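Heads up: the structure comes next, in structure tokens.
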Amino acid sequence: MRNPKRLAAIRKLPCIRCGNPNSQAAHSNSVKHGKGRSIKASDEFTVPLCHVCHSDFDQYKLGSREASEIMFEEWLVKTEVMLSKCDDEAF
């Protein structure tokens, strides 16, 4: 499922790993989130990562596939908190 508003909001957040203010919307690499061969996971499973961290994550330089899935789940929780704080500040 594609959600351009979520992707735009994610890109406004700092990198969840290193804090770099220039982030990208990084999709989950997990099959359980809809990832398949040449198919991105749903946009609801995105976190902000800078270019370097995004590349390292996608190439499994941050750990095994299993470790990356655990790391991504933790980042996803933090991202949702960050997004909710941004929503609160908008009002």
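Each reported figure results from applying straightforward, stated rules to the coordinates on display, with no laboratory input. These numbers come from a predicted model, not from an experiment. Cβ atoms come from the backbone with ideal geometry, glycine included; neighbour counts cover every protein chain shown.
Between the amide H of ALA26 and those of VAL47, LEU49, distances stay under 5 Å, these residues lying 5 or more places away or on another chain, with hydrogens modeled in the peptide plane.
Multiplying the residue separation of ILE39 and LYS78 by 0.36 nm and subtracting their alpha-carbon distance yields 11.6 nm.
For the chain, lysine pairs separated by 8 or more sequence positions, or belonging to different chains, with Cα-Cα distances below 25 Å total 18. Positive end of the dipole of the chain (Cβ unit charges, origin at the Cα centre): among ILE16, SER64, LEU76, the Cα lying farthest that way belongs to SER64. About the centre of its Cα atoms, the range 4-90 shows a dipole size close to 320 debye [charges on the beta carbon of Lys, Arg (+1) and Asp, Glu (-1) only; nearest 20 debye]. Our summary gives the range 4-90 a relative contact order of 28 percent, counting only alpha carbon pairs under 8 angstrom and 6 or more residues apart. For the chain, the 222 nm mean residue ellipticity estimated from helices alone, with every DSSP H stretch of n ≥ 4 adding -39500 (n - 2.57) and the total spread over all residues, rounds to -15000 deg cm²/dmol.
At each listed q (0.22, 0.26 Å⁻¹), what is the log10 of I(q)/I(0) that the Debye formula gives for the chain modelled as equal alpha-carbon point scatterers? Those come out to -1.12, -1.50, one per q.
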